[in-house]
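The values are calculated or read from the model by the stated rules, or taken from the named source; none is laboratory data. Everything numeric in this text was worked out from a predicted model, so none of it was measured. Please note: Cβ atoms are built from the backbone with ideal geometry, for glycine as well, and neighbour counts cover all protein chains shown.
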Amino acid sequence: MMTPVKSAIATRVDKPSRTTSEFEQQYFEENVINGIGHENYSFPTLTEVTKAILHHAFWLADQKRKLPVKEYKKLLLDKDWKGEEKRYLKIAAAFGKFLPRELAHIEPRTVYQLAENSKKYQPVIDKLLDLTAITQEAVRSLIKEQRTPRRPKPEKPSIWRRTTDGRRYCQIPPIHEPDERTGTTLQKMMDEEGLSAQHIVAEAIAMRSAYKEGRLALVDNREIKMSET
C-alpha cells in the first residue's frame, strides 16, 4: 500500500513551490480539484501521482508526433508548459514499453531519476520488463546493482620529500630483491671506493640518462665512451 502524500500535494495546490513542475500543478488543478467540493476532496496517493505523470508524458509525446511543429509549440504556450516538456518527453521515451499502471508503484522521484539518466539506467529499465510486479523496492535494488564502485585512482609514485623548512629532496624507496644484488653491489662500491651511496646512485643515473639520450656508446665491445653534450 502506497503512503498518501498529503503534505506534498497540499503544497502544490495551495502554494506551489518553485521546484514544483508547472505541468504537474496544472494537471492536479484541472483533473483533481475542479468539480470536487472541498469537503469531499481526498488527496491522491503516490500511485495516482505516478500514473498521472506517465499518462501526461505519453500524451505529450503523442501530441508532438501528431501535431505540426507550430501547433505543438502553441500547445506548450497555451498550457504554459514551455520548458517543462523536455523532462516528460524523456519519461515517455524511457518507459514507452510500459503501461502507466505497471509503473504505478514506483515513486515519482525515481521515475524522473531513471528517465533523466536513461542511458545510464537502461539496463535497469530493461530488467523491469522481466518483473511480474514492479515495486519501488525492486527498482531500488536494481539501481543498487547497477552502481559499480569507483576504483580509487592510483597515486603517481614520487620520490620527492620535503624538509621541515620546505626544501625538497629525493628519497629512493627500498629495493627488494631475492638475491640482494643491487644492495650488495652498492655496498661493495662504497667500501672499495670510499664513496657515499648517494654519489654512486647519482653517477649510475647520469650514465643511464646518457645511454637513453644516445650519448653513451660501446667501443670495440670493451670500452664505454660518453660523448660530450
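Restricting the search to region 126-138, which residues are in a loop (DSSP other than H, G, I, E, B) and surrounded by 10 or more Cβ atoms within 10 Å (Cβ to Cβ)?
Scanning region 126-138 gives LEU129, LEU131, ILE134, THR135.
Residues are listed down the side, and each one gets a yes or a no for (1) outside the structural domain of ILE53 (by TED's automatic domain parsing); (2) out of contact with any strand residue (DSSP E or B) (no Cβ under 7 Å at 6 or more places or on another chain); (3) over 28 Å from ILE91 (Cβ atoms); (4) not aromatic (Phe, Trp, Tyr):
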| site | (1), (2), (3), (4) |
| --- | --- |
| ARG109 | no, yes, no, yes |
| ALA115 | no, yes, no, yes |
| GLY166 | yes, yes, yes, yes |
| TYR169 | yes, no, yes, no |
| THR182 | yes, yes, yes, yes |
| ALA197 | yes, yes, yes, yes |
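If a residue must be surrounded by fewer than 19 Cβ atoms within 10 Å (Cβ to Cβ) and at pLDDT below 90, how many such residues does region 48-58 contain?
1
Kindly indicate whether ARG65 is farther than 18 Å from GLU48 by Cβ and modelled with pLDDT of 90 or more.
yes
Can you tell me which residues in region 94-116 are in a helix (DSSP H, G or I) and touching a helix residue (DSSP H, G or I) at 6+ places or on another chain (Cβ under 7 Å)?
Once the filter is applied, which keeps residues that are in a helix (DSSP H, G or I) and touching a helix residue (DSSP H, G or I) at 6+ places or on another chain (Cβ under 7 Å), region 94-116 yields ALA94, PRO100, ARG101, LEU103, PRO108, THR110, VAL111, TYR112, LEU114, ALA115, GLU116.
Scan region 59-93 residue by residue and report those that are of a type in the set (Asp, Glu) and surrounded by fewer than 15 Cβ atoms within 10 Å (Cβ to Cβ). So that I can check it myself, show each step before the final result.
From region 59-93, those of a type in the set (Asp, Glu) are 62, 71, 78, 80, 84-85; that's our starting set.
Answer for region 59-93, where residues must be of a type in the set (Asp, Glu) and surrounded by fewer than 15 Cβ atoms within 10 Å (Cβ to Cβ): ASP62, GLU71, ASP78, ASP80.
Please verify whether ARG151 is under 30 Å from VAL111 (Cα atoms), loosely packed, with under 10 Cβ neighbours inside 10 Å and not assigned by TED's automatic domain parsing to the domain that holds GLU102, treating the condition exactly as stated.
yes
Only one of these is of a type in the set (Gly, Ala, Ser), under 36 Å from the mean Cα position of the chain (by Cα) and exposed (fewer than 10 other Cβ atoms within 10 Å of the Cβ): SER158, SER141. Name it.
From the options SER158, SER141, the qualifying one is SER158.
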